[in-house]
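One structure is given here, and the rest of the page talks about it.
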Amino acid sequence: MTAIIVSGHGQLSTGLLDAFQMIFGKDEKIVAIPFLKGEGIPQLQEKFQQQLEQFPPEEEVLFMVDVFGGTPYNSATQLVFDKKNMDIVTGVNLPVLLEAGALKESLSISELTGALKTINQESFKVFSEQIKVIQEQETKEDDLL
């Protein structure tokens, strides 16, 4: 089982968690820790550390943050460095968080991060490209008739 800490600039993480809970309900192992205006790395690290203390020491913990190289990412790296039971993924969005919530109990943290990379790529769609795919499929089906 992997616990998940979602963090991002402003209220992004709390908004994502709220949307997650609308779909899956409350999950004690998924928490949001926002990085608020006026805070820096020390304040955010303290919030992260306080949350980590709520989990068993051996529990796997995945930080899901908004931006690679941003303050939430940099704050998490200092806590995760040299810990085999923790990792960080960037580019958190609702489809990826939903998938993480669904898979966190059945996959190890390394398996989970691998699955999330794939989901992130598959969940990004461009409408005009999707229409072309649908039209091509319809043309192929028409040709078979």
Quiz item: How high is the FRET efficiency between Q49 and K125 when r is their beta carbon distance and R₀ equals 41 Å, given to the nearest 0.05?
Solution: 0.65
Quiz item: Using r as the Cβ-Cβ distance of F81 and Q21, and R0 as 35 Å, what FRET efficiency do you calculate, to the nearest 0.05?
Solution: 0.70
Quiz item: What is the count of Lys pairs in the chain whose alpha carbons sit under 20 Å apart, if the two are 8 or more places apart or on different chains?
Solution: 13
Practice problem: Convert each backbone phi in region 45-61 into a coupling constant with the Karplus relation 6.51 cos²θ - 1.76 cosθ + 1.60 (shift: θ = phi - 60°), then list the ³J(HN,Hα) values in order as whole Hz, x for Gly and Pro. | Solution: 4, 4, 5, 4, 4, 4, 5, 4, 5, 7, 9, x, x, 8, 5, 6, 10
Practice problem: Could you check the simple spin-label distance between V67 and I134, using points 7 Å along Cα→Cβ, in nm with one decimal? | Solution: 3.4
Quiz item: What residues qualify as long-range amide H neighbours of I30, i.e. H under 5 Å apart, gap of 5 or more or another chain, H built at 1.01 Å from N?
Solution: I4
Self-check item: Hypothetical label at S108: residues of region 60-101 whose amide nitrogen lies under 14 Å (7 Å Cα-Cβ projection)
Solution: 60-61, 84-87
Quiz prompt | In order through region 83-89: 3J(HN,Hα) via Karplus (6.51 cos²θ - 1.76 cosθ + 1.60), integer Hz, x for Gly, Pro | solution = 9, 6, 9, 9, 7, 9, 10
Quiz item: What are the ³J(HN,Hα) values, in whole Hz, obtained from phi via the Karplus relation 6.51 cos²θ - 1.76 cosθ + 1.60 with θ = phi - 60°, for each residue of region 116-127 in sequence order, with x given for Gly and Pro?
Solution: 5, 4, 5, 4, 4, 5, 6, 7, 7, 10, 10, 3
Quiz item: Which cross-chain or sequence-distant (5 or more) residues have an amide H under 5 Å from the amide H of I88, H modelled 1.01 Å from N in plane?
Solution: F63
Practice problem: Pick out, in residue order, every one of the trypsin sites (Lys or Arg not before Pro) in region 113-145 that is DSSP loop and has at most 13 other C-beta atoms within 10 Å; say none if there are none. | Solution: K125
Quiz prompt | Neighbour-limited loop hits for GluC sites (Glu not before Pro), region 1-61 (at most 10 other Cβ within 10 Å; DSSP other than H, G, I, E, B) | solution = E28, E53, E58
Self-check item: Whole-number percent relative contact order across the chain, with pairs defined as alpha carbons under 8 Å at least 6 apart
Solution: 26
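Every number here is computed from the coordinates shown, using simple stated rules; none is lab data. Bear in mind the structure is a predicted one, so any value in this text is a computation, not a measurement. Heads up, the Cβs are rebuilt from the backbone with ideal geometry, glycines too, and the neighbour counts pull from every protein chain shown.
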